[in-house]
Amino acid sequence: MTIKYTKDHEWVRVEGDVATVGVSDHAQHQLGDVVFVELPDVGRQLQQGKEAAVVESVKAASDVYAPVSGEVIEANADLENDPSLVNTGAETTGWFFKLRLSNPAELDALMDEAAYKAFVEGQA
Amino acid sequence: MSMNNQGRPTDIRSTTNSAVPDTVTGNRGLQIEEPLIFEQDASGRCGVDLPEVPAVASRLGAVKPRAKVGLPGLAEPQVVRHYTRLSQKNYAIDSGLYPLGSCTMKHNPRLNEKMARLPGFSDVHPLQPESTVQGALELMAELGRWLTTLTGMAAVTLAPAAGAHGEMCGIMAIRAAHEAKGDTGRTKILVPESAHGTNPATAAACGYAVEAIPATEDGRVDLEALKAKLGPDVAGLMLTNPNTCGLFERDIITIAEAVHAAGAYFYCDGANFNAIVGRVRPADLGIDVMHINLHKTFSTPHGGGGPGSGPVVFAESLAPFVPVPYVVQDKDGSFRLVEQAGDGPAFGRMKAFHGQMGMFVRALSYMMSHGADGLRQVANDAVLNANYVLASLKDVMTPSFDGPCMHECLFDDRFLKGTGVTTLDIAKALIDEGFHPMTMYFPLVVHGALLIEPTETESKAGLDQFITALRALAERAKSGDAEYFQAAPRLTPRRRLDETAAARKPILRWTPEAAAEKVAAE
Amino acid sequence: MRYLPLTEADRRSMLAAIRASTVDDLFRDVPKAARLSGPIEGLPNHMGELEVERTLSAMAGKNLPAGSVPSFLGAGSYRHHIPATVDHLVQRGEFLTAYTPYQPEVSQGTLQVLFEFQTQVSLLTGMDVANASMYDGATACAEAVMMANRVTRRKKAILSGGLHPHYRDTTTTDARFIGFETVVMPAAPTGGEDLLSQIDGDTSCVVVQNPDVFGHVRDYTDLGKACQAKGVLLIVVVTEAMSLGLLTPPGEMGADIVAAEGQSLGNALNFGGPYVGLFAVKEKLVRQMPGRLCGQTVDADGRRGFVLTLSTREQHIRREKATSNICTNSGLCALAFSIHLSLLGEEGFTQLARLNHAKAVQLADKLAAVKGVEIVNDSFFNEFTVKLPKPAAAVVEQLAERRILAGVPASRLFAGELEELLIVAATETNTESDMDAFAKALAEVLS
């Protein structure tokens, strides 16, 4: 099970044909206290790079893009009650949604952990 | 994820030394704690005395009368005290300098309040026969004449209820004008990065794609970038002038020419008209349409967030597209309202009735008080005051741009680099010094913006005191006393508030259930 | 100039500090071609208070104040008695001259008022949550439709024929430019319209008014259920907030959004503005709501306080993705509304509503006795429609000559149609002798 990252700071973890998506720990730090997460409805078809969710801190709202294409099969209901999970467990309990991959090849273009780390450091 | 750069620090840095002295009541001298009206309820108490209801047979039809609303009962003295105490927790122009950039918080003359309350204006129904409201229509026509004369424009609508509503009106007129020409291929509105948030929100609401125009090093629109984006797909440009960095767009006439050459219209956000009123007529700059915030330039009170009023002036190019209703004067000298758009190019309506009449009276009262000579002096003094603040702070803070400013001066947070103090902290410390903070973190084109607009109604002595306070704070921040700032404000009715908690679990109203829980917990 | 504190000496010393020789130097970025060398032509120079007061009083004197004669106008703007306390408190400079409460530490007064206002509006409408006000009822209505479009991701609104035409037109203006569809039902002055059959898969909402523009009192409970079954939002418009003291609130009838005009409480007629739009929704819709919201929280010392919240919906954060471009609200008018309602309380508000209804019943009886006059309504609150044997606009003009403001001709609202209909309102301000004078004069004009 590998984790991959986008330049827009989403992560995706794939098991079989199911991908779990969230925002990176780095992104969580940049956002500050997350107060609300708007998640996609189950059944929605997402396109890679297109808007999938919205994450809000007190003074900022940011779009979260789908790192890969697919159909949403689950949204993290826990985030509705406790959006702070994004801060405390960005890459674990604070996941956003799961989707069924429609084009696994899209994963190839994403960064692995080391590449993402270097990317973030390069941005700073 | 698109990282949005509007974010600013909102966390409360807790401090051990509470600012609250230990009184039995929680009151602190003139600062008196005040419960919600709902917490002062006693059933059967009432603040009005009404006549008995005549016995009649109900004509409500099949609907059953309502059993209960749930409002609290208070007597008149309690109500007076409640709102008086609450008012004392507010900072206001009447109490001191309110240098919010782009908001033009100037003195609100009380004559204007008195005029708006003349029964001939305040006690007139909007749908009375026109023969009984000739004075009201005359006032609207006269206000329109002042606005078109001051801007050099051909036509005006008074209907929009606020600046953003005026923007909507202007962009609708632009769309209507393109449609009337059969030109339907224009899908974009260009908006500079420094624009107020309402500009892109308005353009997007009207179905346009918004394209940002970058700023140059000197804080103005990048003319070459603008020209590169202009084309047959551009419906218009929305530009604030003077812009939100407090700078006059030097190339504005060239910009207007380029916009027109591309077949597009030039919308000007008139939020900063105060800087140039009486000195420059926007029509002479090539602007096609502009809204005017009566609650900024023409001093109608902000009232804690409204009501505003946002008349829009139109050049000849867009004059046929003025929305209904509007006032016309007939040959016999009488006034009438055109209330139906009919089949002509006019569109509308944008709200119920004829506009914010109460604001029209106040604004005209203000204009007549100043006259053409006084309004020119308004612009002069507003610009002089802002430049005086800029000149007096530029050695301790970091101005974002060189050269003179217009009615407001912009600093960024480079002077705070490495101090651990943020723009927000400076603002909160300024509150303890008895001033309302400046506009913070706007415009977005500089980091940690501090935008100061003193307005013309501040005295030199008042500015000097503000400058002294801000200089001292800047120096204190650089001396490494970050903790002082992070704990500010200390002397206000409430200290920093937990905005994260408010947004995570929104409590947007009082409920009897919550009140019962509170009692149980105590 | 009495509003300008700088003296010539101040100006000289400030210019010296800036190192500018004249103030004109500060305007050097203005293109030469656009610089005016002196005061703008065609406008007078400054005036003293006395002169301004004289000029404006002369204009005001050309109007006929509604309170100076028997007046029965309504149709979205109502003349009620406003207790003296309201205007006194509204004019406190700390309320009048404060800005939007973006700095909560120095704005707890305005913020607590807004929190209380939101609660009052929620209670009146029977809804879960209300915002801190909109420009007016008509813009609130249009915003409600756009919100329904967002929530349902559909684009067609069905507007009842009983909706105030100004509200309808405000909404259709937005529809034209913002790009959504409206189905406008024909005016139904005698009641009855089939809204349900208009609903299809594209419908986002149905907009109804209660009491409707002709004054009919409606029960929308069944419509609400039907809408819910189809995933369509029910928007209930109220133009006479006083009616909420007596009628079933929209929340109890299944409204998803309530858009109302709050002028009747605390706010004078003002020839149509400024007024105060009320906007209330069901809890689950709160994040799709336009306008400012005030919320409760605690400060650094743990004490209760208030802040503007959920502001990521708004234009200053979301810019082109905002739920609405609205920035300004109607704060001071909301304050007047809130103070008036605090004075009234449960007892006063409900009694005042009953009083309004009783006055209208009395008036209806008196007008029904006039030959040729027919009361159209079988139900009403404080406003109803009468059918006259001749065009109402002319009758209203003739009555105005007799110094009676008789009501609103329906033709003024419906672009010349329904010319025999007159919409008449009565409030607590109308005495029995006002009503007798109206009935008598009407009989004379019709005879």
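Of all DSSP-defined beta bridges confined to the protein assembly as shown, some 70% are antiparallel rather than parallel.
When you work out D = kT/(6 pi eta Rh) for chain B at 25 °C and 0.890 mPa s, using the Kirkwood radius from C-alpha pairs as Rh and the Stokes-Einstein form, the result is 95 µm²/s. Inter-chain Cβ neighbour count for C:172-181, averaged per residue, equals 5 (cutoff 10 Å, partner chain atoms only). Projecting label points 7 angstrom from Cα along Cα→Cβ for A:Ala105 and A:Asp82 puts them 4.2 nm apart.
For region C:244-391, the alpha-carbon radius of gyration amounts to 1.40 times the rule-of-thumb value 2.2 N^0.38 Å expected for a compact globular protein.
Each peptide in B:189-195, C:112-118, B:38-44, C:400-406 receives the mean, over its residues, of other Cβ atoms within 10 Å, and ordering these scores from highest gives C:112-118, B:189-195, C:400-406, B:38-44. When the listed pairs C:Lys359/C:Lys387; B:Lys114/C:Lys440; A:Lys98/B:Lys505; B:Lys188/C:Lys284; B:Lys64/B:Lys505; B:Lys351/C:Lys155 are checked against a 29 Å cut-off, the alpha-carbon distance exceeds it for B:Lys114/C:Lys440; B:Lys188/C:Lys284; B:Lys64/B:Lys505. Remark: mean inter-chain Cβ contacts per residue of B:434-440 equal 2, using a 10 Å Cβ-Cβ cutoff to other protein chain atoms.
Each listed q (0.07 Å⁻¹) maps to a log10 I(q)/I(0) for the protein assembly as shown, found by the Debye formula over equal Cα scatterers with no solvent: -0.62. Rounded to 0.05, the FRET efficiency of the B:Ala62 and B:Ala209 pair, given R0 = 60 Å and the Cβ-Cβ distance, is 0.75.
Its Cα gyration tensor gives region C:46-123 an equivalent ellipsoid, and the semi-axes of that ellipsoid, as √(5λ) in whole Å with the largest first, are 32, 23, 10. Annotation: amide H-H contacts under 5 Å for C:Leu233 (H modelled 1.01 Å from N, sequence separation of 5 or more, or interchain): C:Cys205, C:Val206. The spacing between region B:454-477 and region C:321-380, judged by their C-alpha centroids, is 49 Å. Bin width 10 Å, origin at 0, all Cα-Cα pairs of region B:217-271: what percent of pairs per bin? Once binned at 10 Å, the Cα pair distances of region B:217-271 give 25, 57, 18, 0.
When you count the other C-beta atoms within 10 angstrom of each residue and take the mean per peptide, B:422-428, B:503-509, C:149-155 line up highest first as B:422-428, B:503-509, C:149-155. With the charge dipole of the protein assembly as shown set up from +1 on Lys and Arg Cβ and -1 on Asp and Glu Cβ about the Cα centre, the Cα lying farthest toward the positive end among the listed residues C:Val184, B:Pro512, C:Val445 is that of C:Val445.
Quick one: Cα centre-to-centre distance for region B:125-198 and region B:480-507, in angstrom? Rounded to whole Å, the Cα centres lie 41 Å apart. Once backbone amide H atoms are built at 1.01 Å from N, C:Thr297 has C:Gly305, C:Phe306, C:Val307 as its partners under 5 Å, excluding neighbours fewer than 5 places away on the same chain. Taking amide H positions as modeled 1.01 Å from N, with prolines and chain starts lacking one, the residues under 5 Å from C:Val183 and 5 or more places away or on another chain are C:Ala157, C:Ile158, C:Leu159. If eta is 1.306 mPa s and T is 10 °C, what Stokes-Einstein diffusion coefficient results for region C:326-447, Kirkwood Rh from Cα pairs, in µm²/s? For these conditions, the coefficient is 100 µm²/s. Scalar couplings 3J(HN,Hα) for region B:409-424, obtained by applying the Karplus form with A = 6.51, B = -1.76, C = 1.60 to θ = phi - 60°, are 10, 10, 10, 10, 9, 4, 5, 9, 4, x, 8, x, 9, 9, 3, 4 Hz; x denotes Gly and Pro. If a spin label sat at a point 7 angstrom from the Cα of A:Gln123 along the line to its beta carbon, the backbone N atoms of region A:63-87 nearer than 16 Å would be those of A:63-67. Legend: mean number of C-beta atoms from other chains within 10 angstrom of residue C-beta atoms, peptide B:371-384, equals 6. The orientation-averaged projected area of the convex hull spanned by the Cα atoms of region A:3-108 comes to 5.7 nm².
Dividing the C-alpha radius of gyration of chain C by 2.2 N^0.38 Å, with N its residue count, gives 1.12.
With both labels modelled 7 Å from their Cα along Cα-to-Cβ, the C:Asp378 to B:Lys505 distance reads 5.1 nm. The convex hull drawn around the Cα atoms of region C:84-339, when projected onto a plane and averaged over every direction, covers 14.0 nm².
Here region B:378-495 was treated as a single set of alpha-carbon atoms; its pair distances binned every 5 Å from 0 give 2, 12, 23, 25, 20, 12, 5, 1, 0 percent.
In order along region C:370-384, the Karplus-derived 3J(HN,Hα) couplings, from 6.51 cos²θ - 1.76 cosθ + 1.60 at θ = phi - 60°, round to 7, 4, x, 9, 10, 7, 6, 7, 9, 8, 6, 9, 10, 8, 8 Hz, and Gly and Pro are given as x. When its C-alpha radius of gyration is set against 2.2 N^0.38 Å (N residues), region B:312-431 gives a value of 1.70. With the cut-off at 1.5 for a/c, could you classify region C:1-152 from its C-alpha gyration tensor as rounded, prolate or oblate? Taking the square roots of the gyration eigenvalues as a ≥ b ≥ c, region C:1-152 is prolate. Summing charges over all other residues whose Cβ lies under 14 Å from the Cβ of C:Gln362, with Lys and Arg as +1 and Asp and Glu as -1, gives -3. Highest average first, the peptides C:87-99, C:340-352, B:249-261 ordered by how many other beta carbon atoms sit within 10 Å of their residues are C:340-352, C:87-99, B:249-261. Were the residues from B:Leu444 through B:Ser131 laid out at 0.36 nm apart, the gain over their Cα-Cα distance would be 107.6 nm. The simple spin-label model puts a point 7 Å past each Cα toward its Cβ; for B:Ile253 and A:Ile73 those points are separated by 6.7 nm.
The distance from the alpha carbon centre of region B:218-286 to that of region B:57-103 is 42 Å, rounded to a whole number.
Computed from backbone phi, the HN-Hα couplings of region B:100-109 come to 5, x, 6, 10, 6, 8, 9, 3, 9, x Hz, rounded to whole numbers (Karplus: 6.51 cos²θ - 1.76 cosθ + 1.60, θ = phi - 60°; Gly and Pro given as x).
No lab work stands behind these numbers, since they all come straight from the coordinates. Note that the coordinates shown come from a computational prediction; the quantities given were computed from them, not determined experimentally. Heads up, the Cβs are rebuilt from the backbone with ideal geometry, glycines too, and the neighbour counts pull from every protein chain shown.
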